Each structure stands twice: as structure tokens, then as C-alpha cells.
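The values are calculated or read from the model by the stated rules, or taken from the named source; none is laboratory data. Just so it is clear, the model here is predicted, and its values are computed rather than measured. Virtual Cβ from ideal backbone geometry, glycine too; neighbours counted across all protein chains shown. SASA here: full protein model, heavy atoms, side chains in, ligands and nucleic acids out. Shrake-Rupley method; radii C 1.70, N 1.55, O 1.52, S 1.80 Å.
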Amino acid sequence: QVQLVESGGGLVQPGGSLRLSCAASGSIAMGWYRQAPGKQRGLVAAITSGGIPTNYADSVKGRFTISRDNAKNTVYLQMNSLKPEDTAVYYCNSYPPPGPRSPTWGQGTQVTVSS
């Protein structure tokens, strides 16, 4: 099993945008997850192997868009209208997710929304 690698995080002001990327095989459904300090990791959005978005968290509907380019083996999370409460470490993994001890969980990418 290969550890997934996320990228694209950073510091952004409220209302700003970021696009996260994750190298992932096109053969399985994938999800973006996030974990804020003191909270459990939870699903942000998921996408089928064929590229159909599913299961957006209520808190990100209308602001975040998940997509994938199977030719590039990459899954994206476009995040617009960012809010301070979106601050978290963002991870990608299969959907449904593996257990917390799965070696496929990467280091994640930090997203900080602050003025």
C-alpha cells in the first residue's frame, strides 16, 4: 500500500481560495478529509472512480468542489470562499476511508484561514 501525498495547502485570508491536489489511482472512489485541532477527522467530499462528486459535507456545500483527472492520477479539492472554520489539516484517501492506522494516510496538507 502506498502512502498518499497531498499538496496545495497554505495560509489564506477569509474569502480566499486554494486548490488541493492528491496523487491517486483512478480505479477507486476517493475522498478528501480534514482534521481540525481537537476534533476528529471527517469527510469533506467524495468522488466516484468515474469522476462524479458525492457526499459533500454540509459546511462546504456551494464553496468546495471535488474533481479528478484520471489521466494524471490526481484528485483535486477546489476551495472557495474560505472561512476560519475551514482551518485544518486536509487528507485524501479512498472512500469509504480506511482505518486510522492504515499506512495509506499521508501527512496531509495544512490549510490556515486567517486575516
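Here are some notes:
- Segment 27-51 - residue that is more than 15 Å from C92 (Cβ to Cβ) and over 15 Å from the mean Cα position of the chain (by Cα) and, of those, least open to solvent (accessible area, probe 1.4 Å): G50
- Test: residue in segment 7-26 that is without any contact (Cβ under 8 Å) to a residue 40 or more places away in the chain and open to solvent by 30 Å² or more (accessible area, probe 1.4 Å): no
- Top-ranked residue in segment 81-97 [being open to solvent by less than 60 Å² (accessible area, probe 1.4 Å) and not in a strand (DSSP E or B); ranked as farthest from R34 (Cα to Cα)]: L82
- Within segment 98-115, considering residues that are open to solvent by 80 Å² or more (accessible area, probe 1.4 Å) and within 14 Å of the chain's Cα centre (by Cα), the one farthest from A24 (Cα to Cα): Q110
- All of V44, V60, V89, V75 fail the test of being β-branched (V, I, T) and free of Cβ contacts under 8 Å to residues at least 40 places away in the same chain, apart from V60.
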